[in-house]
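Structure record follows, encoded as structure tokens.
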Amino acid sequence: MTCASCVGSVERALGRTPGVTEASVNLATERATVRVRPGTEAGALVDAVEATGYHVRTEERDLGIRGMTCAACATRVERALRQIPGVLDATVNLATERAHVVLIAGAVSTPTLAEAVAEAGYEALRLDEADDPADAERAAREAERLRLRRRVLIAAALTAPLFLLEMVPMLVPPLHHWLAATVPIQALRAVAFVLATAVQFGPGRPFYRHGLAAVRHGSPDMNTLVALGTSAAYGYSVVATFLPSLLPAGTAHVYFEAGAAVITLVLLGKYFEALAKGRTSEAVRRLLDLQAKTARVLRDGHEVEVPIEAVALDDRVRVRPGERIPVDGVVETGASFVDESMVTGEPVPVEKGEGDEVVGGTVNGTGSFVFRASRVGADTVLAQIVRLVGEAQASRPPIQALADRVVAVFVPVVLVVAALTFGLWLGFGPEPALPFALAAAVAVLIIACPCAMGLATPTSVMVGTGKAAELGVLFRKGEALQTLREVSVVAFDKTGTLTMGRPTLTDLTVMTGFDRDAVLGLVASVEAASEHPIARAIVESAGSEGLPTHTVDGFEAVPGRGAVGVVAGRSVAVGSGRFLRERGVDPAPLLAEAERLAAEGKTPLFAALDGRLAAVLAVSDPVKEEAAAVVGSLHARGIRVAMITGDNRTTAAAVARRLGIDDVLAEVLPGEKAEAVRRLQHAGGSRPVRVAFVGDGINDAPALATADVGIAIGTGTDVAVEAADVVLMAGHLGGIPRALAVSRATLRNVKQNLFWAFAYNAALIPVAAGALYPAFGLLLSPVLAAAAMGLSSVFVLTNALRLRRFEPETAAAGPLA
């Protein structure tokens, strides 16, 4: 595929295939994403694409099969393999016990093939697979680049003598006169014919093949334009050379060099495009390169180095200093600092010890540890990142629909314009009119190639989503890139999103005559017998301060009020003011302090020792350190901030005041969060409001799906992550301004590309048609038209690649941008 018209042709062909419900083709990634009904054969999709004149890349794999005993076994394995979506053909040889599988490149993994064989009752013994899908795709791109390079070199080698024969004598009159006197003009034209024919039907042959296929399917494209334009110049020159009597007197001029030069320059532009498109996919390639190739697995008391694919769930894996962690897991022994920047975008290494999770692909520091594998293969975080980035790059934001609609009618309109140009020049142009008409029409056909339009959006989306992944932000859908740019309200879940998600002892005020540590230790001893989250917060706080807890006697808990017990011979009571009054203790001396703490959204508790008021404690879910700065950053961008929480209004209002949040929706039940998002969306009356929702829990999933953009905290639940459009891998709210900055930069880049592509065609088609000739005597040469067309595509790709150097710290407002 070479332009947006090619994309449209393939999409329509796939869309007409029985069983296909949706087809989307991406020019930059050169991939088609197709949704089909069960039972739809992959071969039918391949046939549909091939019929349009394009090629589906396939690959072949060999598996050794164990357990077959007869021809029926071989047939059963063949049938099992052929039923896998993406497999085009499978043949099994009983004598050699081998299965040969032909499949769409990258569509089916080797474990999937082996699993199908196993389900059929046999075992996949070995397999002959040279490369993984990423390597195969890279090799295919490199092969295409080399083919283009070869075509360019051949075309240039044949075109150069043409230019020397035609252009140099015109620039050097003495040479022109010498050639005219020495070499018959018919001989020169014959040489030019041979060279031009070699270019036209050698390096230029693919333009005919694809262009004619596109016409047959009613979707003329860039190849059609090039084939028509160069054929017109070539055909006219052939007639002028061998049948000049058919042309009006004085019009038998030849344009062999023009047609050959157009093909050479268009191919050169395609070659530069191939180079640039290879660089746009580097984000995913770099992520794949982060994966370790081997792992040191502890088996039967020995350390064995195995390929990464051989690591199984619950394997114990040793990681040495400086090594990449092979798969995801949980540390069992040892400790170290791990560089997780490839996942989170955060540069500071994270301390890992017993019980901590580690992520495959991250880099170990100077320590060593052993961990148990919890996720392997396609389930690892790195594999999911690669998959999500690939899906985002293959999808299209709504702005692409504009380009698609224009391109759908663009090429037919260009053909009409070229015909009108030819007719007007022929009827009203200066004599000899025919050469002028031909040159103008060919220039219109060449300069109007919609390559730049087709590349404008997907290349920016590819580079933008790749850059976001490097910053710890995963766009699961390309559409979210555009929608996030248009968001005017960001709504946060409170617990676990704006706050740490776990209660913590924040305040402890003791009465005169009591020791703080002694009070905390005694209260923690009583609370250690309770399962209440507030009790656990107090116990954890005492433990973190190194305070010992003691056995409690006579423990009694009153639900919703408090608990009592005897610790080291002392009577301890902890709970609400009412609970203490019922036990004859007056909390009045600390009531003012308790009310102040409650106003801050904290939960106050009173403690009494031996019947005397001893202290007031406060427990709360602490706000994340970066929350206030992130809210300020959103305000700096003109975005309102809302909070949706099931907490009581007092606590919610206290958090909102502390962070500067604009709107608070409190006491919202879990099932009502989605409706709360809808209320925010309709708060603008007849004008809908774009809302992004940020959450991390299972109960946030409906709200994440309802919002215009759902943003999940990557450290949250899998359900929340799957429901979201954007995932913050680090669990750090600073990723939100980063995501906004990348979104705005990418959309700005897309608009620049589309403007250039449309403005280029709008401005230069009239010039090519000869609009400047009456006033200035200027007529655009088809050769210059070809150069300009190639330059426009290279400009669009180069502009998109600028996003690779984008740094949100310097490009977006706000302290955490």
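The values are calculated or read from the model by the stated rules, or taken from the named source; none is laboratory data. Note that the structure is a prediction, hence the values are computed from the model and not measured. For neighbour counting, all protein chains shown are included, and Cβ atoms are generated from backbone atoms with ideal geometry for every residue, glycine included. Calculation scope for accessible area: heavy atoms of the full protein, side chains included, ligands and nucleic acids excluded. Shrake-Rupley method; radii C 1.70, N 1.55, O 1.52, S 1.80 Å.
Below, the figures for the structure above:
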read-out	value
Considering residues of the stretch 625-647 that are in contact with a helix residue (DSSP H, G or I) (Cβ under 9 Å, 6 or more places away or on another chain), of a type in the set (D, E, K, R) and part of a loop (DSSP other than H, G, I, E, B) only, the residue farthest from A745 (Cα to Cα)	D647
Residues within the stretch 553-606 that are within 26 Å of N648 (Cβ to Cβ) and among the aromatic types (F, W, Y), tallied	2
Top-ranked residue in the stretch 1-24 [being polar (S, T, N, Q) and either touching a His at 6+ places or on another chain (Cβ under 8 Å) or free of Cβ contacts under 8 Å to residues at least 40 places away in the same chain (or both); ranked as surrounded by the fewest Cβ atoms within 10 Å (Cβ to Cβ)]	T21
Residue ID - nearest to R583 (Cα to Cα), chosen from residues in the stretch 520-559 that are touching a Phe, Trp or Tyr at 6+ places or on another chain (Cβ under 9 Å) and surrounded by fewer than 21 Cβ atoms within 10 Å (Cβ to Cβ)	V558
Of residues in the stretch 54-92 being at pLDDT 80 or above and in a loop (DSSP other than H, G, I, E, B), the one nearest to Y208 (Cα to Cα)	Y54
Residue in the stretch 370-380 that is most open to solvent (accessible area, probe 1.4 Å), counting only those that are in a helix (DSSP H, G or I) and at pLDDT 75 or above	D379
Residue within the stretch 390-403 that is under 25 Å from G211 (Cβ atoms) and either part of a helix (DSSP H, G or I) or at pLDDT 80 or above (or both) present	yes
Whichever residue in the stretch 648-675 is closer than 19 Å to P702 by Cβ and touching a helix residue (DSSP H, G or I) at 6+ places or on another chain (Cβ under 7 Å) and, among such residues, is surrounded by the fewest Cβ atoms within 10 Å (Cβ to Cβ)	E667
In the stretch 103-125, the residues that are assigned to a strand (DSSP E or B) and within 26 Å of V386 (Cβ to Cβ)	L103, I104, A124
Candidate set from the stretch 497-544 (those that are basic (K, R) and more than 19 Å from P589 (Cβ to Cβ)); member that is modelled with the lowest pLDDT	R502
Looking only at the stretch 488-524, and only at residues there that are acidic (D, E) and outside any helix (DSSP H, G or I), the one that is nearest to V668 (Cα to Cα)	D493
Any hit, the stretch 648-662, residues being farther than 22 Å from R744 by Cα, among the hydroxyl-bearing types (S, T, Y) and assigned to a strand (DSSP E or B)	no
Cβ-Cβ under 7 Å pairs, at least 6 apart or on other chains, the stretch 524-548 side in contact (Cβ under 8 Å) with a residue 40 or more places away in the chain and under 15 Å from D621 (Cβ atoms), far side part of a helix (DSSP H, G or I) and open to solvent by less than 50 Å² (accessible area, probe 1.4 Å)	I538/V523; I538/A524; I538/E527
Neighbours by Cβ (under 6 Å, 6+ apart or cross-chain): first from the stretch 25-38, in contact (Cβ under 8 Å) with a residue 12 or more places away in the chain; second open to solvent by 50 Å² or more (accessible area, probe 1.4 Å)	V25/A32; L27/M1; R35/T21; R35/E22
Any hit, the stretch 690-699, residues being polar (S, T, N, Q) and modelled with pLDDT of 85 or more	no
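Every residue, every condition in (1) acidic (D, E); (2) open to solvent by 10 Å² or more (accessible area, probe 1.4 Å); (3) under 29 Å from the mean Cα position of the chain (by Cα); (4) over 24 Å from A468 (Cβ atoms), yes or no:
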residue: I736; (1), (2), (3), (4): no, no, yes, no
residue: L784; (1), (2), (3), (4): no, yes, no, yes
residue: T798; (1), (2), (3), (4): no, yes, yes, no
residue: L803; (1), (2), (3), (4): no, yes, yes, no
